[in-house]
Amino acid sequence: MEKIPMTRAGFTALEAELKKLKSVERPVIIQAIAEARELGDLKENAEYHSAREKQGFIEGRIKELEGVIGLADVIDPTGFTGSIKFGATVTLVDEDTDEEKTWQIVGEHEANVEKGLLNIKSPIARALIGKEEGDSVEVRTPGGKKSYEVLAISYV
């Protein structure tokens, strides 16, 4: 199977989520199922069905996280320099609106655009890979073509 690139912070966050699901969420839902069973007829017991549904979600997420963590290739970008690579924190300016944006290019399982974490497989990240400070980048997005200038690249 293919390794999944990930930053140390992303890997740690996934491990923390897995630990919480196993040590906190799973025992709580098992207790909720036990309490719902004591209420009687399971066919018409909404609490029981709700708890079982939540248990299915939790168990599915645990399996997913275990799979991702097992395939994780943790990359430490702090030693990188030069052009944009995985892990780079990039400051761009939209050439049309002069709006500045800063993103870090991360693995798909840790991406969160609202937090400035850009999926390595996204159109913008793919267009940025290999570019240098001062380069102009044209990106095809679902909203149309956008042009950015790379203002700064750092590896923190």
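The values are calculated or read from the model by the stated rules, or taken from the named source; none is laboratory data. The structure displayed is predicted, hence computed values, not measured ones. Note that each Cβ is placed from the backbone with ideal geometry, even for glycine, and that neighbours are counted across all protein chains shown. Surface areas here come from the heavy atoms of the whole protein model, side chains and all, with no ligands, DNA or RNA. Shrake-Rupley method; radii C 1.70, N 1.55, O 1.52, S 1.80 Å.
Points worth noting:
- Selection count where residues are surrounded by 12 or more Cβ atoms within 10 Å (Cβ to Cβ) and polar (S, T, N, Q), scope region 27-43: 0
- Only listed residue being over 21 Å from GLU15 (Cβ atoms), assigned to a strand (DSSP E or B) and open to solvent by 40 Å² or more (accessible area, probe 1.4 Å), chosen from THR81, THR102, THR91: THR102
- When region 3-26 is filtered for residues that are farther than 30 Å from GLN104 by Cα and surrounded by 16 or more Cβ atoms within 10 Å (Cβ to Cβ), only GLU25 remains.
- Scope region 44-73; condition more than 14 Å from ARG26 (Cα to Cα), modelled with pLDDT under 95, surrounded by 16 or more Cβ atoms within 10 Å (Cβ to Cβ) and of a type in the set (A, V, I, L, M, F, W, C); matching residues: none
- Residue within region 142-150 that is among the acidic types (Asp, Glu) and loosely packed, with under 11 Cβ neighbours inside 10 Å present: no
- Among the residues of region 1-49, those identified as within 31 Å of the chain's Cα centre (by Cα), over 30 Å from ILE75 (Cβ atoms) and touching a residue at least 12 places away in the same chain (Cβ under 8 Å) are ARG26, ILE29, ILE30, ALA32, ILE33.
- Region 105-136, subset among the β-branched types (Val, Ile, Thr), outside any helix (DSSP H, G or I) and free of Cβ contacts under 8 Å to residues at least 60 places away in the same chain, residue most open to solvent (accessible area, probe 1.4 Å): ILE129
- From the list ILE69, ILE84, ILE62, ILE58, the lone residue that is within 18 Å of LEU118 (Cβ to Cβ) and touching a residue at least 24 places away in the same chain (Cβ under 8 Å) is ILE84.
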